[in-house]
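Values in this text are rule-based calculations from the coordinates and carry no lab data. A quick note: this is a predicted structure, and the numbers were derived from the prediction, not measured. Reconstructed Cβ throughout: ideal geometry from the backbone, glycine too, with neighbour counts over all protein chains shown.
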Amino acid sequence: MQQQMTIQEALRWASSFLSERDLELPVGEWLVRHYLQINRSELLMKLRDPIEDELVLRLKEDLLRHAEGVPVQHIIGYEEFFGRRFLVNENVLIPRPETEELIVAVNKLKKLLFQDEEIELVDVGSGSGAICITLQLEDPTMRVRAIDISGEALEVAKENAKRLKAAVGFYNGDLLLPLIEEQVKVDIVVSNPPYIPLTDSESLAVHVREHEPHLALFGGEDGLDLYRRFMEELPLVMKEKGIVAFEVGVGQAETVRDMLAKTFPKAETEIKIDINGKERMVFAYGKMK
């Protein structure tokens with residue numbers, strides 16, 4: 001009778017499978033932790049324990065799906081972001097670790113400009129709700145709205161808000177139009193809009209190109225279409241003092257900062273570097289009028 005595999009042996013096999021295909025090695029561990037519903041510390045304590053044959057079979061099947069291009073987050077149904085679990089599917093972008101830095105930067109600027117005042121914030125292109133929900137939970141003095149053009153994405157965001165008990169008002173609409181139509185003014189606009197140039201589509205990893213929503217990925221020929229539209233709409237929703245915070249693509253930071261400086265000549269503008277040393281965030285803050 002064949003001896004049952006240990007968790008350590010299953011993980012070693014998974015690492016070898018992933019390594020041969022130049023895929024991320026932690027994927028095997030994420031899957032096993034998901035099957036067993038345990039955290040990393042618990043996994044390390046159980047490495048010598050046997051693992052059920054059916055789970056080994058499931059691991060092999062899921063790794064084959066991943067090797068064919070399915071993101072591991074779609075296989076397990078969630079991604080961790082800012083210490084919280086967000087449901088994800090093919091209708092929303094998978095939250096990236098770099099975006100956590102946008103949250104930290106917005107919170108710092110908010111405290112600098114507004115201290116503990118209650119303020120109005122809108123997250124444009126909310127996707128899974130990772131940004132708007134996290135900001136609201138991290139600072140409950142913020143009254144948070146979120147807008148997305150995709151009804152399917154909003155369903156995911158609403159479910160995440162409900163599960164995480166976040167008070168966020170959701171709007172289905174294009175960019176800032178829902179606020180403009182209701183003549184709503186806000187203190188902070190945050191957005192991680194689609195910014196990948198259409199010309200880069202073929203160079204994207206298959207996990208991204210074939211399994212994440214193109215509506216949330218591509219920003220026109222040069223990737224800057226949405227930022228241009230923002231410059232027309234932002235002055236219609238910003239209060240006299242405020243913050244605009246954008247995530248941008250590689251090589252776009254200076255151009256987006258120039259756009260913001262022209263749109264809000266009295267405001268300070270700033271570019272921030274992310275954990276990978278890339279110019280990832282652009283801000284305008286202070287006097288907006």
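Each residue of region 230-243 was assigned a 3J(HN,Hα) from its phi angle through the Karplus curve 6.51 cos²θ - 1.76 cosθ + 1.60 (θ = phi - 60°); the sequence is 4, 4, 6, 8, 4, x, 7, 10, 7, 6, 5, 10, x, 9 Hz, with glycine and proline shown as x.
Charge dipole of region 7-68 (Cα centre as origin; +1 on each Lys and Arg Cβ, -1 on each Asp and Glu Cβ, all else neutral): 180 debye, rounded to the nearest 20. Residues whose amide H lies under 5 Å from that of residue 126, counting only those 5 or more places away or on a different chain, are 147, 148; hydrogens are built 1.01 Å from N in the peptide plane. Remark: region 110-117, residue by residue, has Karplus-estimated 3J(HN,Hα) of 4, 5, 5, 8, 10, 6, 9, 5 Hz, where x stands for each Gly or Pro and the curve is 6.51 cos²θ - 1.76 cosθ + 1.60 at θ = phi - 60°. Distances between placed amide hydrogens fall under 5 Å for residue 5 paired with 51, all partners being 5 or more residues away or on another chain. Here the simple spin-label model places points 7 Å from the Cα toward Cβ, and for residue 53 and residue 20 these points are separated by 2.2 nm.
For residue 60 and residue 231, the difference between the fully extended length at 0.36 nm per residue and the C-alpha to C-alpha distance is 56.7 nm. Over the chain, the Kirkwood radius and the radius of gyration, each from Cα atoms, give a ratio Rg/Rh of 1.03. Relative to the longest principal axis of the Cα atoms of the chain, helix 53-67 runs at roughly 50 degrees.
The antiparallel fraction among DSSP beta bridges confined to the chain stands at about 50%.
Shape summary: region 37-109 maps onto an equivalent ellipsoid whose semi-axes, from the alpha-carbon gyration tensor, are 29, 19, 9 Å in decreasing order. Structural descriptor for the chain: relative contact order 14 percent, calculated from alpha carbon pairs under 8 angstrom and at least 6 residues apart.
Would you compute, from DSSP H runs of 4+ residues alone, the mean residue ellipticity of the chain at 222 nm, taking -39500 (n - 2.57) per run and dividing by the full residue count, rounded to the nearest 500?
Values: 12 runs with 126 residues, N = 289.
Estimated from H runs of four or more residues: -13000 deg cm²/dmol.
Cross-link partners of residue 289 among lysines, defined as those whose alpha carbon lies under 30 angstrom from its own and excluding same-chain residues fewer than eight positions apart: 108, 110, 111, 185, 239, 241, 262, 266, 272. Extension gain, residue 152 to residue 117, is 9.3 nm, computed as 0.36 nm per intervening residue step minus the present C-alpha separation.
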